[in-house]
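Nothing in this text is a laboratory measurement; each read-out follows from the coordinates by a stated rule. Nothing here was measured: the structure is a model prediction, and the numbers come from that model. As a convention, Cβ positions derive from the backbone with ideal geometry for all residues, glycine included, and neighbour counts pool all protein chains shown.
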Amino acid sequence: MKNIFIMAHSMDIGGAEKSLLGILENIDVTQYQVDLFLLRHEGELINYIPDGINLMPPNKYYSLMGIPLKAVIKSGHLKIAYKRIVGKRKANKRIKELDINSDNNIINEYSHKYTVGVLPKISKKKYDLAVSFMSPHYYVAKRINADKKVAWIHTDYSTYKIDVESETAMWDMYDEIMAVSELVKKAFLKTFPSMSGKVNVIENIIPYEYIKRLSAEFSADSEMKNDGSVKLLSIGRFSYPKRFDEVPLLCKRIRENGLNVKWYLIGFGGDEELINSKISESNMGDYVINLGKKDNPYPYIKACDFYIQPSRYEGKSIAVREAQLFSKPVVITNYTTAQAQLKNGYDGIIVPMELTQAADAITDFIRNTNLQQTIIFNTKKSDYVGNEEIKKIYALLE
């Protein structure tokens with residue numbers, strides 16, 4: 001039996017975590033022993049890890065990477081605290097040298113880069129395959145013994161502000177790198193052309209059994225009322241990439257175009273206060289409804305009329321695939337990797353990024369019932385689960 005090690009940060013409700021759950025659901029545990037290691041034993045999805053997957057015990061040292069620095073100092077782990085401080089200072093210095101803004105991934109990368117040297121080995125076992133599922137990828141590279149090591153890319157690197165020199169050294173430590181789409185791969189290779197010989201694509205695998213079970217748990221009609229309005233829904237972290245801060249203005253424009261719509265938001269994150277203030281400023285409190293964090297978003301997807309992903313950028317949105325799984329008419333903005341997300345006019349539509357143009361295109365789509373029916377029909381005959389992708393993981397062991 002082959003041994004596989006997989007490392008992730010947590011099992012929060014996010015696209016990457018759901019993709020991981022899809023892998024765990026589909027992997028043949030009669031042929032492969034899978035050890036799953038989480039930096040933090042947190043997140044709603046942790047309860048849905050399938051039988052047969054070995055969830056490794058929490059490691060107190062690695063758990064310190066997900067808590068505030070003051071708490072690390074208070075815990076008495078001064079070496080780790082010191083290395084985190086060193087990493088943050090060096091990251092800030094590098095950010096100034098590169099002259100980039102605060103919206104970057106350098107601090108997170110440097111935190112792992114400088115702490116890995118004082119962290120213990122994760123396991124004494126030797127694995128056939130070790131997977132680092134979420135960046136930064138230093139811990140699997142340096143603290144696991146395996147014949148082959150693979151790192152995953154979930155995001156569009158053309159939108160990332162990073163320290164290319166530092167990350168190049170990190171990626172060099174892996175035998176293969178897996179992108180979640182061809183466009184994600186292409187964007188990555190534009191930044192890291194030296195990696196061209198080791199980057200391949202494994203599409204996200206949807207955790208279908210998990211979704212099917214949860215979608216039948218309750219009805220969302222009490223929160224998304226059937227009051228004659230057209231119900232739009234968006235799901236994601238409340239963060240800059242998802243662009244939910246502009247949903248109130250998008251919704252306002254659609255209503256000014258004469259459509260009775262309500263736009264529901266599900267998620268959580270640092271931009272929640274900003275989003276709520278934008279709803280208030282635009283006087284859209286009756287029409288843009290923040291439902292907050294939902295452990296189970298699937299009854300809400302079932303209840304909506306249209307699923308909208310208004311993002312500034314994406315890797316490959318799991319929420320979009322889930323909406324297509326429910327045969328919902330899907331709208332996404334024209335972010336860099338949009339063409340890899342759906343076939344425009346076939347199983348969803350792509351609208352311009354500019355706010356007014358996007359709102360007008362959404363308006364036209366809501367009015368175009370023939371196009372909606374075509375898209376719904378096409379989603380019903382398409383495979384959005386991605387079960388075949390698991391064979392590509394098995395191939396890594398050959």
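Points worth noting:
- Cα gyration tensor shape for the range 2-202, rounded if a/c is under 1.5, else prolate or oblate: oblate
- Förster-model FRET efficiency, 41 Å R0, LEU274 and ASP128, C-beta, rounded to 0.05: 0.35
- GNM flexibility winner over the chain from LYS70, LYS149, LYS302 (Cα, springs under 10 Å): LYS70
- Dipole magnitude of the chain about its Cα centre (Cβ charges: Lys, Arg +1; Asp, Glu -1), debye to nearest 20: 1360 debye
- Neighbour net charge for LEU214 - beta-carbon separation under 12 angstrom, K R +1, D E -1: 0
- Separation of the SER219 and LEU78 label points, Cα + 7 Å toward Cβ, nm: 6.2 nm
- Taking the longest Cα principal axis of the chain as reference, the axis of helix 369-380 is set at about 30 degrees.
- In loop segments of the range 343-392 as defined by DSSP, the GluC sites (Glu not before Pro) with at most 12 further C-beta atoms inside 10 Å of their C-beta are GLU354.
- Projecting the Cα positions of TYR61, GLY285, VAL201 onto the charge dipole of the chain (unit charges on Cβ atoms of Lys, Arg, Asp and Glu, taken about the Cα centre) puts TYR61 furthest along the positive direction.
- Degrees separating the helix 247-256 axis from the principal Cα axis of the chain, which is the longest one: 10 degrees
- This model, with +1 at the C-beta of Lys and Arg and -1 at the C-beta of Asp and Glu, gives the range 290-360 a dipole about its Cα centre of some 220 debye.
- Counting only alpha carbon atoms, the long axis of helix 355-367 and the longest principal axis of the chain meet at about 60°.
- Taken along its principal axes, the alpha carbon cloud of the range 23-106 reaches lengths of 51, 32, 22 Å, longest axis first.
- Legend: distances between Cα atoms for LYS252/LYS293; LYS231/LYS380; LYS185/LYS316; LYS316/LYS343; LYS2/LYS125; LYS212/LYS328; pairs beyond 18 Å are LYS252/LYS293; LYS231/LYS380.
- Considering all different alpha carbon pairs of the range 347-396, the Kirkwood hydrodynamic radius works out to 13.4 Å.
- In terms of its C-alpha gyration tensor, the range 209-380 comes out rounded, because the ratio a/c of the largest to the smallest axis stays below 1.5.
- Alpha-carbon Debye profile of the range 119-162, log10 I(q)/I(0) at 0.17, 0.19, 0.25 Å⁻¹: -0.52, -0.61, -0.87
- Sparse-neighbourhood loop sites, GluC sites (Glu not before Pro) in the range 1-96 - DSSP loop, at most 15 other Cβ within 10 angstrom: GLU42
- Cα-based shape type of the chain, given that a ≥ b ≥ c are square roots of the gyration tensor eigenvalues and the cut on a/c is 1.5: prolate
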